[in-house]
1. If you take the residues of segment 373-421 that are in contact with a Pro (Cβ under 7 Å, 6 or more places away or on another chain) and outside any loop (DSSP other than H, G, I, E, B), which of them is farthest from E311 (Cα to Cα)?
2. Return the residue satisfying two criteria in turn: it lies in segment 240-287 and is over 13 Å from H220 (Cβ atoms), polar (S, T, N, Q) and at pLDDT 95 or above, and of such residues it is nearest to the chain's Cα centre (by Cα).
3. Tell me yes or no: at least one residue of segment 362-373 is open to solvent by 20 Å² or more (accessible area, probe 1.4 Å) and more than 30 Å from I301 (Cβ to Cβ).
4. Within the set of pairs 6+ apart or on separate chains, which have a first residue in segment 297-314 that is over 16 Å from T176 (Cα atoms), a second that is crowded, with 20+ Cβ neighbours inside 10 Å and modelled with pLDDT under 95, and C-beta atoms under 8 Å apart?
5. For the condition open to solvent by 40 Å² or more (accessible area, probe 1.4 Å), among the β-branched types (V, I, T) and modelled with pLDDT under 90, what is the one hit in T114, T144?
6. Between a first residue in segment 166-187 that is more than 17 Å from L419 (Cα to Cα) and a second residue that is among the polar types (S, T, N, Q) and in a helix (DSSP H, G or I), which pairs have beta carbons less than 6 Å apart while being 6 or more apart in sequence or on different chains?
7. For segment 232-241, does any single residue satisfy the condition of being open to solvent by 20 Å² or more (accessible area, probe 1.4 Å), of a type outside the set (D, E, K, R) and within 19 Å of I161 (Cβ to Cβ)?
8. Specify the residue that is least open to solvent (accessible area, probe 1.4 Å); the eligible residues are those in segment 190-225 that are outside any helix (DSSP H, G or I) and closer than 23 Å to L256 by Cα.
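The values are calculated or read from the model by the stated rules, or taken from the named source; none is laboratory data. The shown structure was predicted, so the numbers you read here are calculated from the model rather than taken from an experiment. Cβ: placed from backbone, ideal geometry, glycine included. Neighbour counts: every protein chain shown. For the accessible areas, the whole protein counts, side chains as well, though only heavy atoms, and no ligand, DNA or RNA atoms are used. Shrake-Rupley method; radii C 1.70, N 1.55, O 1.52, S 1.80 Å.
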Amino acid sequence: MRVTLPISELKPGMFVDSVHKQRADAGVKIKSRGLVRDQGIISRLHDEGVLELNIDFALSEIAIPQKYQVSEETLERNTPESEFIEAKQRRRRRGQQQEESQTRSRKKQEQDSTANSLEKEFLIASQAFEMHNRKIQVLYGDITSGMKADVSLINQISKEIVESVLRNSNAMAILTRLQDREGYNWRHMINCAILISVFAKYLGVKQPTIEQLAMGAMLHDVGHARLPQGLVNKRDKLNEMEFKAVKKHVVHSLGLVKGEQGITPLIMDMIVNHHERADGSGYPRGLQGDKISKAARMMAIVDVYDAMTSERPYQQGEEPVHALRYLLSNKEQFDPELVQRFIKCLGVHPVGSIVKLTNERLALVLEGNQHAPTAPIVRVFYNTKHMHHITAKELDLSSPDHDIKVIASIRPLDYQINLSRLLKDHLLA
């Protein structure tokens, strides 16, 4: 059922089909449709001069207000019998859909009562991400020049990352898709902290332990700063002697953090053992199987995934799906159960990725689907046939209402898309 109501009666959970009336002096005409997720959207519509809206309650997550409901008696008096029966059936179906939608919404709220909307958390996360990057870049430079690691700063940044992830897993995770070829060494520290926090939250780990995991992820490769940077960033393949020298980053990492306040046994374990492999082929001690802790096995997965998908001075980043296939195909090295759960956590096409769809559109991945990892929730924004941006529209690829699927992940530059600008345009609007 569609109802036209004033902006003063708009509530979160209603689905706006269109704007019915807008102030004549409004500078921008609003045409987009979608679910009202929070009070901030309502305030923005009010500020932009919206006066009345057409609401589709069949797609809304809340019931039709009592004043707009039509009684069955009124319908029966004014409607032919066949039409009345059909209308009654439609109302029953809509009621069932609304009830199911409300149940899903209630469950989601129960699962994370403190969750922020993606847009709200992305604003906080993007500002924090840039600030964290600047601070860690300076810290990395200080360590390279021989200074000590500021462990208290790393501890503070780790906790802020965890708090953001606990509010909304997707906001920080989207930011890991931004690439900086020259800033890999410090971005890898932050990206790994974000990814392991998202993974640990998915696994049901408690916040104090997630904070330790995030800090361990921040510090796992900090010893690279004590190696000759020409060796760390070498474009050609390392020879045997050079690889032996790079392996020493583990010892350097330990030396930088040992005895520092806040460094727990779990953090030390992650630093020492994140290069160990289940088949004994890793280093520094060649541990096998269950002798490698779960935290170190998680860190190994996250470390390799981010390293493979990141741009570096000597490599172009792989698409996430290729990195996940690599982890899957090396069951003898990486814990296969944890790899499977990591894929379900991130999705085959992680948030922040751009995918090409079967309808010749490009879409930004906004939210994964744990039950169907290849069918995320996306925001369609580009027509590949005519090579131009289109009005953005959210689409659940797991919905039975259409047969649109993902063909492949694509690199933003293949379509001259600036990912950073795209994210700001769509998530900071």
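1. Filtering segment 373-421 for residues that are in contact with a Pro (Cβ under 7 Å, 6 or more places away or on another chain) and outside any loop (DSSP other than H, G, I, E, B), the one farthest from E311 (Cα to Cα) comes out as S409.
2. Filtering first and then ranking leaves T264.
3. Among the residues of segment 362-373, not one is open to solvent by 20 Å² or more (accessible area, probe 1.4 Å) and more than 30 Å from I301 (Cβ to Cβ), which makes the answer no.
4. P313/Y184
5. T114
6. Here the result reads W186/Q137, each pair linking segment 166-187 to a residue that is among the polar types (S, T, N, Q) and in a helix (DSSP H, G or I).
7. no
8. Going through the qualifying residues, I end up with H220.
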